[in-house]
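> The following block contains the structure, expressed as structure tokens.
The values are calculated or read from the model by the stated rules, or taken from the named source; none is laboratory data. This one's a predicted model, so the numbers in the text were calculated from it and none came from an experiment. When we count neighbours, we look across all protein chains shown, and the Cβ atoms used for this are built from the backbone with ideal geometry, even at glycine.
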Amino acid sequence: MSAAATTPAREPVLRLASVCKRYRPDRPAVLAGIDLEVAAGEYVAIMGESGVGKTTLLHLIAGLDRPDAGRIALDGVDLGTLDDDARTLLRRRSIGFVFQAFHLLPYLTARQNVELPLRLLGVGAAERRARTDRLLDSLGIAALAERRPRELSGGEIQRIATARALVHEPRIVLADEPTGNLDPGTATRTLALLRAQIKVHATAAILITHSLAAAHTADRILVLDSRGLSPLEAA
Amino acid sequence: MNPRIPAIGSAIRVWRTLLASQLREQPVRLALGVLAIGLGVSLASAIYRVNAVAVAQFDGAARRLIGAADLIVRGSRTGFDERWFPRLARDPGVRAADPVLEVEAAVADRHRPLHVIGIDPFRAARFGGALLGTIGASAGALLPPDAIVLSTAAAARLGLGQGGILRVVVGDAVRPLHVVGILPPGAVPQALGVMDIASAQWAFGRVGRLTRIDLQLAPGVDPRAFGALLARRLPLGVHVIGAHTDTGRTAAATRAYRVNLDLLASIALWTGAFLIYATQSLAVLRRRGSLALLRALGVTRIELEIALAAEGASLGALGALLGLGAGGLLASAALAHFGGDLGVHSLRIAGGAPGAGAAASAAFFVIGTAVATLGAWVPAHAAAAEAPAAALKGASRAVQAAPTAGRGLAGLGLCAGGVALAFLPPVHGLPLFGYASIAGLLLGAVMLVPIATFALLRRLPDGGRVLFDTAIAQLRDGIGPATASLDAVLVSFALMVAMTTMVHSFRISFERWLGDLLPADVEMRVPLGADTARWTPREQARIAAIAGVARAEFRRTRRILLDPRRPPITLIARRIALADAGRVLPLVRETSRNLPPSIPPAWISEGFEDHYRAKVGHVLRLPIDGKPERFVVAGVWRDYARSDGSVVVPRTAYVAATGDRTATEGSLWLAPGARVVRIEARVRELLAPADALEIRTSRDIRERSLRVFDQAFAITYALEAVAVAIGVAGVGFAIGSAATARRAEFGMLRHLGLRRREVIALLAEEGIVLTALGVLYGWILGFVVSLVLIDVVNRQSFHWSIDLSLPLGELLALGVILVAAAAATALLAGRGAVAAEAIQAVREDW
């Protein structure tokens, strides 16, 4: 087990054990022997060169893809025991996503985009609205609630996307290069808001990034390479 | 240097790049658009070619029959006094005159009469050897009183060769004629016989009668002025006309049929245009970023617009070329199997090669290409007008025309104009304003679709279902792209609704009409159109006295020429009185209450009313046997059998005017228990040329008529099916394109926890809502268009009315099928869209 996978003091929300992923049998594995534990409220950054498998790792954690070997457990539930529907429902309930390209639905307003996970979970309109308003307010974008994405700047859009990732209070937020399309100032402000919200809601978070500055907003920084995950200092 | 030249050169380079990528990315979609244009062009060109061959052959034959005449004096089928011939021949303005007797001779053992022309072989020679030249060596052989020469078509139809005996029915007797020669193939295309005029007069009981005198005028005599003077001297019912009027009647006879078949072809053509419009609209949307990049790289607005419109033009040109080729094959097949009559049996010809006139081919090519270019130009214009910066940023998704007030006003204006055009009269007998009205309504509706859709979707309350609400939100926001596919559904479905309603209404009206006109158990008649066969009063009495016949009623029908520029009308003399006219005839106008009692009543058909502008209460002067017989119009009735016009008069009045007590048609009511087979056998025993009689039960006639009706409209149903299939395909492609374009969106939804089937359901719900709107608009628009088809196009083309009858079940089923087909297509498209892994989808930048 690598140092990166050391068990945190608290009960882990996410646990990966000896996870391997290979896309083609005649090629080396993209990920091999990955171990990782992330506790509730813990914010972990993963860095690594392009093509090393960072995003693949994120997709395995989200249940969007299956490992060839090893075990991934979210809140103690082994993803390998779930079929696609069950993994999807688990994702709906327990995971929040922030993408580099934002991926808001262009035909919905900012509020409707943020509300979407709550609607999928069947949360009532009043509660939906209250939780959304609270979050938009705390992110400083309450005034943008009725605007559509095309009317917003990149930073504003990413804050909406961050709100969408957190509104249903997931167990873990997966952020894949969330500031890759933003200028440094906006990126810093966005990450600060993300960190603050994660801490407020005691949500675990994994940040995939190339940026050392972005990684330094996390509690732990891990580096992914062909040997697996290791702390930044050891890499 | 002309700045346009580099613009066009650059546009061509852009067009080649864009078209190549289009062909790579969506070959099936483009192929369907090409096929739709090809279908429209092939149908239109085939109809044109078939008719052109038929009309050319018949006009050529008519010229051979008429020769080099300057004027023609033409009487009714019963003819006029032959003493007019020496009078005209001696006129100083006339260089030569040629008498002709034309008869539709009933033939024993045959149900179709034979057209027989009696000519003076020696005088005919002076008319440039017209018909005589084709008779050749047979001319001398015509002189014996029972000699006849047959055309190749007549010989083939009758199964007779040289030396054979042709048995014609004259009155109640059979008269044998000797076939002394067969005209060479190609001399005249139609089936006819040629006799010496004196022999024909004797053989058909028309001694002293002529039906036509062809005149060659003396040098320097103005045909128009001479004709006008001559017209004043001629007796009632005898007309003088220019030779060109006579030959041109063949083209006029098929015009209404051609125009209506062309309308069907245009449905395919316009559906193709809308398909190209929808495909190109979506292609423009899909390539929005690329197009904006081209603009950013220096491609000008006009270059981009030309390049995109040229994409449509290329597809249209390819479709038109395919259509011209297919049209030639279709025309050859139609001529080989059905002849060239286009619904007019007198124009039936055997075989013939459809020529491809360069001008006509070029016109069809241009029409196909232009329609496709128009379809592509609308989105091209919108795409070129978009600011590249906004497109690159992805700020504005509505490349299509947004629902603006100006567009709404234009749509309303077009619809109002369409309605107004429907009230205008025909142009040269063609319902051109009717077609313009339909075009206005369709275009107006297309303009109004975004506004109506936007208004409807905006008012739709939040359904509380995340998938449905998201689908509605997508449609509401993407109103432009949505309307591109809505237009394809709307146009094809509305036309289908209109055609289905029109055909259904016509069938119901036709069935009722048959019931009104066939109240008896058995109907009998001499061969339709024959001039020579008829039943004497004695024969009528004997038929009425047959055991098992409870009641018999006889009618006399004959053809009367009222206007030399029009085909003759049919006079029907039957038992009818003012009091019971509404019971025995399908009247469409009230019988006038204040009719002059001294003048016998007449009931005119709608065709008669239209062609001769007669109204209820007008006094008609019908030329019967050269005398003007007066009748007062007591009502107007619906006659689906004779669009050229017909008039019903009391038989008593007809007998009083002519002394003619013979009959050509009869209705028999059977006593209870009487068997039709025995009655028919007995009737045939009583009538000498029994085989020249057509006798059928009314039920059989009704069934046969409806079968013929359904066959006649089979092509309509086939074209409707093609139009709707194209419409559904258009929706499918629209949904498929949207699904492909929104793969990243679906991928994100999968990340958020939407199951595959939920993503597919989302797309299906969008497809259902979109198609349901198209169906809703299609029903409304189709109903309005059906009113124009029934009350304007049909009325002005065929001169008969139809009662509106809505095939509600059929229309509902069609709508459900269309929505179901769209849902199925959306499901397939959705499966394709979510088949790719969500993780790949979200990595694609949108």
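> Does residue B:762 satisfy being over 18 Å from residue B:509 (Cα atoms) and touching a Ser or Thr at 6+ places or on another chain (Cβ under 8 Å)? Steps first, answer last, please.
Details: over 18 Å from residue B:509 (Cα atoms): yes; touching a Ser or Thr at 6+ places or on another chain (Cβ under 8 Å): yes.
It is true that residue B:762 is over 18 Å from residue B:509 (Cα atoms) and touching a Ser or Thr at 6+ places or on another chain (Cβ under 8 Å).
> I would also like to ask the following. For residue A:36, state whether it is surrounded by 21 or more Cβ atoms within 10 Å (Cβ to Cβ) and in a strand (DSSP E or B).
Values: surrounded by 21 or more Cβ atoms within 10 Å (Cβ to Cβ): yes; in a strand (DSSP E or B): yes.
Taking the combined requirement at face value, the residue satisfies it.
> Taking residue B:282 as the residue in question, decide whether it is modelled with pLDDT under 70, among the hydrophobic types (A, V, I, L, M, F, W, C) and either farther than 30 Å from residue B:477 by Cα or out of contact with any Cys (no Cβ under 6 Å at 6 or more places or on another chain) (or both).
Numbers: modelled with pLDDT under 70: yes; among the hydrophobic types (A, V, I, L, M, F, W, C): yes; either farther than 30 Å from residue B:477 by Cα or out of contact with any Cys (no Cβ under 6 Å at 6 or more places or on another chain) (or both): yes.
For residue B:282, the condition - modelled with pLDDT under 70, among the hydrophobic types (A, V, I, L, M, F, W, C) and either farther than 30 Å from residue B:477 by Cα or out of contact with any Cys (no Cβ under 6 Å at 6 or more places or on another chain) (or both) - is met.
> Now a separate question. Working only within region B:646-667, note down all residues that are more than 19 Å from residue B:591 (Cβ to Cβ) and within 30 Å of the chain's Cα centre (by Cα).
Within region B:646-667, B:665 is the sole residue that qualifies.
> Does residue A:137 satisfy the criteria of being away from chain B (no Cβ under 14 Å), within 22 Å of residue B:469 (Cα to Cα) and free of Cβ contacts under 8 Å to residues at least 24 places away in the same chain?
No, not satisfied.
> Being hydroxyl-bearing (Ser, Thr, Tyr) and more than 14 Å from residue A:149 (Cβ to Cβ) is the filter; apply it to region A:88-112 and report the residue that is farthest from the other protein chains (Cβ to nearest Cβ).
In the first step, residues of region A:88-112 are kept if they are hydroxyl-bearing (Ser, Thr, Tyr); the result is A:88, A:94, A:107, A:109.
Remaining after also requiring more than 14 Å from residue A:149 (Cβ to Cβ): A:88, A:94.
Numbers: A:88: 5, A:94: 9 Å.
Going through the qualifying residues, I end up with A:94.
> Let me ask something else. Listed residues B:197, B:182; which is surrounded by 15 or more Cβ atoms within 10 Å (Cβ to Cβ), of a type in the set (A, V, I, L, M), modelled with pLDDT of 80 or more and closer than 22 Å to residue B:95 by Cα?
Values: B:182 fails: closer than 22 Å to residue B:95 by Cα.
After applying the criteria, what remains is B:197.
> Continuing with the same structure: Let me confirm something: among A:79, A:74, A:120, which residue is more than 21 Å from residue A:226 (Cα to Cα), over 17 Å from the mean Cα position of the chain (by Cα) and crowded, with 19+ Cβ neighbours inside 10 Å? Give the steps one after another, and end with the answer.
Details: A:79 fails: over 17 Å from the mean Cα position of the chain (by Cα); A:74 fails: over 17 Å from the mean Cα position of the chain (by Cα).
Going through A:79, A:74, A:120 in turn, just one is more than 21 Å from residue A:226 (Cα to Cα), over 17 Å from the mean Cα position of the chain (by Cα) and crowded, with 19+ Cβ neighbours inside 10 Å: A:120.
> In region A:91-112, what residues are more than 21 Å from residue A:55 (Cβ to Cβ) and either within 17 Å of the chain's Cα centre (by Cα) or surrounded by fewer than 24 Cβ atoms within 10 Å (Cβ to Cβ) (or both)? Spell out how you get there, then give the answer.
The first filter runs over region A:91-112 and keeps only residues more than 21 Å from residue A:55 (Cβ to Cβ), leaving A:93, A:105-112.
Scanning region A:91-112 gives A:93, A:105, A:106, A:107, A:108, A:109, A:111, A:112.
> Next question, about the same structure. Given B:336, B:398, which one is part of a helix (DSSP H, G or I), at pLDDT below 80 and of a type in the set (A, V, I, L, M)? Full working, then the answer.
Numbers: B:398 fails: part of a helix (DSSP H, G or I).
Result of the check over B:336, B:398: B:336.
> Ok, one more. Here is a list: A:187, A:130. Which entry is surrounded by 21 or more Cβ atoms within 10 Å (Cβ to Cβ), closer than 22 Å to residue A:203 by Cα and either more than 12 Å from every other protein chain (Cβ to nearest Cβ) or touching a helix residue (DSSP H, G or I) at 6+ places or on another chain (Cβ under 8 Å) (or both)? First the steps, then the outcome.
Details: A:130 fails: surrounded by 21 or more Cβ atoms within 10 Å (Cβ to Cβ).
The conditions single out A:187.
> Answer yes or no as to whether residue B:4 is modelled with pLDDT of 70 or more and charged (D, E, K, R). Even if it seems obvious, please write down each step before you answer.
Working: modelled with pLDDT of 70 or more: no; charged (D, E, K, R): yes.
The answer is no for residue B:4.
> Read through the list (1) in contact (Cβ under 8 Å) with a residue 24 or more places away in the chain; (2) surrounded by fewer than 21 Cβ atoms within 10 Å (Cβ to Cβ); (3) under 26 Å from residue B:696 (Cβ atoms), then give the number of the only condition that residue B:534 fails.
The number of the failed condition is (2).
> Note down all Cβ pairs under 6 Å where the first residue falls in region A:174-190 and is on the phi > 0 side of the Ramachandran plot, the second is at pLDDT below 85, and they're at least six residues apart or on different chains.
Matching pairs, first to second residue: A:177/A:100.
> Right, something else. Scan region A:61-78 and report the pairs whose first residue is away from chain B (no Cβ under 12 Å) and whose second residue is among the basic types (Lys, Arg) and buried (at least 18 other Cβ atoms within 10 Å of the Cβ), with Cβ atoms within less than 7 Å and a gap of 6+ or a chain change.
Partner pairs satisfying both residue conditions: A:67/A:21; A:68/A:21; A:73/A:15; A:74/A:171; A:75/A:171.
> Which residue, of B:443, B:457, is at pLDDT 80 or above, surrounded by fewer than 21 Cβ atoms within 10 Å (Cβ to Cβ) and within 13 Å of chain A (Cβ to nearest Cβ)? Give the steps one after another, and end with the answer.
Details: B:443 fails: within 13 Å of chain A (Cβ to nearest Cβ).
One residue alone meets the criteria, B:457.
> Then there is this: Inspect region B:83-94 for any residue being assigned by TED's automatic domain parsing to the domain that holds residue B:211, among the aromatic types (Phe, Trp, Tyr) and either at pLDDT 85 or above or within 24 Å of residue B:563 (Cβ to Cβ) (or both) and give the result as yes or no.
yes
> Need the failing condition index for residue A:29 against (1) over 19 Å from residue A:95 (Cβ atoms); (2) surrounded by 20 or more Cβ atoms within 10 Å (Cβ to Cβ); (3) free of Cβ contacts under 8 Å to residues at least 40 places away in the same chain, just the number.
(2)
> Same structure, new question: Which strands (runs of 3 or more DSSP E) sit wholly inside region A:132-235 and have at least 1 residues that are β-branched (Val, Ile, Thr)?
Fully inside region A:132-235 and qualifying: A:172-176, A:204-208, A:220-225.
> Further question on the same structure: Would you mind telling me which numbered condition in (1) of a type outside the set (Asp, Glu); (2) modelled with pLDDT under 90; (3) under 30 Å from the mean Cα position of the chain (by Cα) residue B:603 fails?
Here residue B:603 meets the rest and fails (2).
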